[in-house]
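A short write-up of the structure that comes next.
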Amino acid sequence: MARKTSAKLAPAPTLLGQHVAPAASPEEAVLERVPNPHTDTDYVSRFTAPEFTSLCPVTGQPDFAHLVIDYAPDKWLVESKSLKLFLGAFRNHGAFHEDCTVRIGKDIARLLKPKWLRIGGYWYPRGGMPIDVFWQTGTLPKGVWAPDQGVAPYRGRG
């Protein structure tokens, strides 16, 4: 079953330079992009969200993850304030770890159409078991360095 992506897409940045109330849900969040000033150069950009929060859809208890998003941009870059607000919109959203991680990756990929994107969702344990979720699209351009995501296997993350 195909899932509707969550974020609305704005044609141009609208959130910069002003106070913006957090969105109540990922569906209400606005994910924005800006032009890549270096379309002639292949490189990787990384966003790390070490305090990502969502809710368990069964118990309503909070779930916590360390997200690492790497992408090789083409024509667009994700606007960082909109990304921060988009990720924050999951705080009161009930979804399983796999759904949150893949949904975020797909929404960013839909917005940017990058040459390559990967997301690692390193989830803290619930019920004594951490769940790590990985999703990728595209192929890393030849000769571009994408470092390890730097999150150790679970031993008490930090």
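The values are calculated or read from the model by the stated rules, or taken from the named source; none is laboratory data. The structure displayed is predicted, hence computed values, not measured ones. Note: ideal-geometry Cβ built from the backbone for every residue, glycine included; neighbour counts use all protein chains shown.
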The correct count of residues that are in a strand (DSSP E or B), modelled with pLDDT of 90 or more and within 13 Å of Ser54 (Cα to Cα) in the range 123-135 is 1
What do you reckon, is Val58 closer than 25 Å to Pro147 by Cα and not basic (Lys, Arg)?
no
Filter result (hydroxyl-bearing (Ser, Thr, Tyr) and either buried (at least 22 other Cβ atoms within 10 Å of the Cβ) or touching a residue at least 24 places away in the same chain (Cβ under 8 Å) (or both)) within the range 55-87:
Tyr71, Ser80, Ser82
Every residue from the range 45-76 that is part of a strand (DSSP E or B) and within 14 Å of Phe96 (Cα to Cα):
Phe52, Thr53, Ser54, Leu55, Pro62, Asp63, Phe64, Ala65
Residue within the range 94-111 that is farther than 14 Å from Val68 by Cα, modelled with pLDDT of 95 or more, over 14 Å from the mean Cα position of the chain (by Cα) and not in a strand (DSSP E or B) present
yes
Consider Gly88 carefully, then state whether it is modelled with pLDDT under 95 and either of a type in the set (Asp, Glu) or not in a strand (DSSP E or B) (or both).
no
Residue count, the range 88-107, condition touching a Pro at 6+ places or on another chain (Cβ under 9 Å) and under 20 Å from Val20 (Cα atoms), comes to 5
